[in-house]
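The values are calculated or read from the model by the stated rules, or taken from the named source; none is laboratory data. Fair warning: this is a prediction, and the values are worked out from it, not measured in the lab. We place every Cβ from the backbone using ideal geometry, glycine too, and count neighbours over all the protein chains shown.
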Amino acid sequence: MPSLGHLEASAPLNLTLSKSAKALVRADWSAYATAYDLLSEHNPEYQTLLREFEGFLETIETPGLIYDIGGGTGNYTEIAARICPESEIKLVEPDVGMLGVAQAKLSGHDNVEYDPRALEDFDASGTADLVICVHALYAMPDQRQRLKDLRRLLRPGGRLYLVDLGRYMNVADWRRYLFAHLKQEHGLFGALRIFWQGREIAKQNATILEAQKKGAYWTHTEAEIASAATEAGFDIIRQDSVYRGYSDLLVCRATS
Ligand SMILES: C[S@@+](CC[C@H](N)C(=O)[O-])C[C@H]1O[C@@H](n2cnc3c(N)ncnc32)[C@H](O)[C@@H]1O
């Protein structure tokens, strides 16, 4: 486990920043989309998260209806579609670039439907057995209200599988970590080639950090996200610090 001493503490929101100024600082998910799966392929921490989710799915009763909210390029939906071929799965993703990559990737699965709305505009309620929301909540507006939306999608007793970036995205720290890993796996020139192909990732991660610092994106401690989930109507079954200490994983049950 690497030292977490470099992580900056969760910062208070910048209350002086107007709503419109905050809205200007946002990641360009479409620009991110083309390079996003490089991250999936080459970041061992991302792979660990995917395996963790696959393990979770194997321990629960097959869900009838699953939502993947902010599903991006569809990596979690792909696992759900493979492990639960009988489930009805809806990938909810407002960014056209991300959604396009997901649709191309998942074209072989006939149990997946797509919805291009943001969570705040998605009006389904009360029927899902499982809601997945990975690394998307922090980027949504009014995140505590969005947690209540996630609760609204679930039937009582249904589960939320939530992973959220909570601490400042330290771009230099991630660059060092990934470069060392890639150099070991692919040699110096291989690592440089992958970094060049994935340069959009570094650019968008820098924007994510800026949005976090300006309070447009949510930063939280483990205790803060736990209390927000409880307030939204969830019992927390399990909580872990993941993604090198940058993110929180919560498995929750919707209270009745
Ligand atoms: C870092 S990506 C995560 C994608 C995927 N869940 C994964 O872990 O591979 C964040 C995603 O959240 C989506 N997102 C941002 N705001 C959203 C909102 N208000 N409602 C739903 N999704 C949103 C973005 O479009 C983007 O695809």
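Computed values, structure above
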| item | result |
| --- | --- |
| The stretch 176-190 residues that are over 17 Å from residue 46 (Cα atoms), paired with ones that are of a type in the set (Phe, Trp, Tyr) and surrounded by 15 or more Cβ atoms within 10 Å (Cβ to Cβ) (beta carbon under 7 Å, 6 or more apart) | none |
| Residue check, residue 126 in contact with a Pro (Cβ under 9 Å, 6 or more places away or on another chain) and closer than 20 Å to residue 52 by Cα | no |
| Some residue of the stretch 234-247 being small (Gly, Ala, Ser), over 18 Å from residue 46 (Cβ atoms), in contact with a strand residue (DSSP E or B) (Cβ under 7 Å, 6 or more places away or on another chain) and buried (at least 16 other Cβ atoms within 10 Å of the Cβ) | no |
| Hits in the stretch 211-223 - residues which are under 18 Å from the mean Cα position of the chain (by Cα) and assigned to a helix (DSSP H, G or I) | 211, 212, 222 |
| Count of residues meeting criterion [among the charged types (D, E, K, R) and assigned to a loop (DSSP other than H, G, I, E, B)] in the stretch 59-76 | 1 |
| Which numbered condition residue 125 fails, given (1) under 25 Å from residue 225 (Cα atoms); (2) touching a His at 6+ places or on another chain (Cβ under 7 Å); (3) small (Gly, Ala, Ser) | (2) |
| Enumerated strands (runs of 3 or more DSSP E) restricted to the stretch 77-190, each holding at least 2 residues that are at pLDDT 95 or above, within 14 Å of the ligand (Cβ to nearest atom) and of a type in the set (A, V, I, L, M, F, W, C) | 88-92, 128-134, 154-165 |
| From the options 238, 244, residue that is part of a loop (DSSP other than H, G, I, E, B), modelled with pLDDT of 95 or more and among the charged types (D, E, K, R) | 244 |
| Number of the exception - residue 62 against (1) within 15 Å of the ligand (Cβ to nearest atom); (2) over 27 Å from residue 182 (Cα atoms) | (1) |
| Meets criteria (at pLDDT 95 or above, part of a helix (DSSP H, G or I) and over 23 Å from residue 51 (Cα atoms)) for residue 203 | no |
| Flag for residue 107 being among the polar types (S, T, N, Q) and closer than 25 Å to residue 30 by Cα | yes |
| Of all residues in the stretch 65-75 being touching a helix residue (DSSP H, G or I) at 6+ places or on another chain (Cβ under 6 Å) and over 14 Å from residue 128 (Cβ atoms), the one that is farthest from the ligand (Cβ to nearest atom) | 74 |
| Pairs where the first residue, in the stretch 234-247, is on the phi > 0 side of the Ramachandran plot and the second is part of a loop (DSSP other than H, G, I, E, B) and surrounded by fewer than 17 Cβ atoms within 10 Å (Cβ to Cβ), C-beta under 9 Å, 6+ apart | 244/1; 244/2; 244/4; 244/7; 245/1; 245/2; 245/4; 245/7 |
| When residues of the stretch 224-233 are limited to those that are in contact (Cβ under 8 Å) with a residue 12 or more places away in the chain and not in a loop (DSSP other than H, G, I, E, B), the one farthest from the chain's Cα centre (by Cα) | 231 |
